[in-house]
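The values are calculated or read from the model by the stated rules, or taken from the named source; none is laboratory data. Since we're looking at a predicted model, the values are computed, not measured. Positions of Cβ are backbone-derived with ideal geometry, glycine not excepted, and every protein chain shown enters the neighbour counts. When the accessible area is computed, the model is the full protein with side chains, heavy atoms only, and any ligands, DNA or RNA have been set aside. Shrake-Rupley method; radii C 1.70, N 1.55, O 1.52, S 1.80 Å.
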Amino acid sequence: MTPAQLLSRIKKQAIPPAVLLLGPEAYERRRLRESLAATVPQDALTDHDLAASSLAEVLDDARSLSLFASERLIWVANGEAALPRGRFEDDSESESGSGDASPLKHYMQDPTPGVVLLIEAIRFDFEGEDKRKQDRVRKFFGAIPDVVELRRFSVQDARAEAEALAGRAGLRMDHDALELLVEALGADVARVAVEIEKLSLFAGGRPVGVEDITALVPDARATTIFVLVNALGRRDRARALEVLDTLTREGEYLPLALAFLSTQFRMALVAREAGLKSSGQIQGHFARLGVPMWGSRAEQVYQTVSKFSQPQLERAMSLIYQADKGLRDARPDDRTVMERFILELVG
């Protein structure tokens, strides 16, 4: 089940008696909590934590009848902590549970009317080694048929959601500012939502541009380097030179920008040699190699792969080497070296 499907069931007042939330995406989790909390009286929401309480204790609470509310919401954090000791061999923090899922099976055979039991297991993602651990969590809570997967937003979906959030907040942002905001925050829509709320208060009705994002949003200055990487990946010479001018005016350390570029093109060369055909394949491939990569970065690498042939990527690595040598010389200045590099790369 997707978050949107559960939200639809909440609106139709067809909420399941128990729901398991899987995955780390915080924005959708918050929306679901707010929507579910709105269906019960304020004092009918109970929070539990399976790192501190047993699953049996939580279910005893779910069976208890309230004298003041016929409908209750029981929100349970740290679902992973209920699993048997040693289930995550390399993760001692989670080895606190008794590991007995039978009380949950018995409860689900006759759930308490009017009670919604929601268990969140948000520690593990859907890729790489996390997937194996998450599958164990899913199996342990297998008595709950309604599972909501909280998958991270793709870059495209994050942009669309950011645009919708800005519209609801009455915040006017130009395209480049919106792109930079999403890029700076790694397509993390929960953080994007917080920053849009802050920007709407700051702007006071005026349009927000790239300069505002750079000045006010955490990590945005560093992310301007990724905008340069992205422009070069698209072979957009004019945009690359424009971003280089911005970095120079802001006093950015240009060897750092070149280091990011080197990483980008090396990853693109690896992806091309491996025959990877999408950003998802790229993200999964590097995850298997033990290299963490969020979706937006995988999309950048994919754009570079799609714009540069293998000989061009190999030439780019040679040009990066030459530029690195140039940045170590006393003359010419760093900006001249980087301009020459950009012109030779995408000329």
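Database remark: amide H of V19 closer than 5 angstrom to the amide H of L117, L118, I119 (H placed geometrically; neighbours at sequence offset of 5 or more, or on other chains; Pro and chain starts carry no H).
Annotation for A190 and A330: the two label points, set 7 Å from Cα along the Cα-Cβ direction, are 5.3 nm apart.
Using only the Cα atoms of region 119-274, build the gyration tensor, take square roots of its eigenvalues as a ≥ b ≥ c, and label the shape rounded, prolate or oblate: rounded if a/c is under 1.5, else prolate if a/b is larger than b/c, else oblate. Cα axes put region 119-274 in the oblate bin. Put E163, E149, E71 in order of accessible area, highest first, and with a 1.4 Å probe you get E163, E71, E149. Entry note, region 222-347: relative contact order of 34 percent, from Cα contacts under 8 Å with a spacing of 6+ residues. For the pair A14 and F260, the difference between a 0.36 nm per residue extended length and the Cα-Cα distance amounts to 83.6 nm. Computed extension length for S102-D236: 42.3 nm, one decimal, from 0.36 nm per residue of separation with the Cα-Cα distance subtracted. The share of accessible area on the chain that comes from carbon and sulfur is 49 percent, using a 1.4 angstrom probe. For region 100-177, rounded, prolate or oblate, judged on the Cα gyration tensor with a ≥ b ≥ c (square roots of eigenvalues), a/c < 1.5 rounded, else prolate if a/b > b/c? Judged from the Cα gyration tensor, region 100-177 comes out oblate (a/c at least 1.5, b/c at or above a/b). Which entry in (i) 88, 47, 39; (ii) 79, 49, 31; (iii) 72, 58, 38 matches Cα extents along the principal axes in Å derived from the coordinates of this structure? Step by step, Cα extents along the principal axes in Å for this structure corresponds to label (ii). Fully extending the segment from R168 to R30 would add 48.0 nm, taking 0.36 nm per residue of separation and subtracting the current Cα-Cα distance.
Ranking D60, D334, D110 from most to least accessible surface, computed with a 1.4 Å probe over the protein chains only, gives D110, D60, D334. Take the Cα of R136, step 7 Å toward its Cβ, do the same at S70, and the gap between the two points is 4.4 nm. Here the spin labels are modelled as points 7 Å beyond Cα on the Cα-Cβ line, and at D110 and A38 they lie 3.5 nm apart.
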